[in-house]
1. Can you tell me which of 32-41, 68-77 comes out highest on packing, and rank the rest after it, using the mean Cβ neighbours within 10 Å?
2. What are the residues whose amide H is under 5 Å from the amide H of residue 5, where those residues sit 5 or more places off or on another chain and H is modelled from the backbone?
3. What distance in nm separates the two pseudo spin-label positions at residue 99 and residue 128, each 7 Å out from Cα along the beta-carbon direction?
4. Ranked highest first by average number of other Cβ atoms within 10 Å, how do 91-100, 3-12 line up?
Amino acid sequence: MDVIATDEFAAWFEKLPEESACAVTKAIELLESVGTDAPHVRVLEMPFGMQVRTRAPRTTPFAIPASLRELSAEGRAERVLFAVEDDGARVVLLYGYDVSRERARSPVGVPLVAHMLVAARVYGIYRKEVA
C-alpha cells in the first residue's frame, strides 16, 4: 500500500519528539505493510448532520473523505487521521494530533469531530492540488 503524506502532516510530524516520531513511524510502517486492517486503525464517521458533505466534489477545498480513519501508535497518545483513496491502494496521511497535550490544556480535550473537520479541509486541498 502506498502512503502519501500531506504538507500539513509532515509539518506536525517534524515537530514530534524523537520517541513519538519513532512510534508514529512504526505505526505507519505497519499500515503500509498490512493495510487498513492493521491493528490500531479505526474507521471514523462524521456526525449525522455532516454526512451530506461526503458527496462534495473532490475539487472543493472542503471534501470530507468517506474513508476517513484514525491510526494510533500502540500505547501512545499520538493519532494520525488518514484517508484511503478510492482505489484502495493508496493512503493519504492528513493530520496528526496528541491526545495527552489536549487533555493537559482542557479536561474535556478537543472533540474528535474538530480534528475530523481539519482533516477534511486538508483532504480538500490535497485533492485540488493533485487534480
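FYI, it's all coordinate maths here, none of it is from the lab. Keep in mind that this is a model prediction, so the values were computed, not measured. Cβ placement follows ideal geometry from the backbone for every residue including glycine, while neighbour counts extend to all protein chains displayed.
1. The most tightly packed comes first, giving 68-77, 32-41.
2. For residue 5, the qualifying residues are 93.
3. 3.2 nm
4. By packing density, highest mean first, the sequence is 91-100, 3-12.
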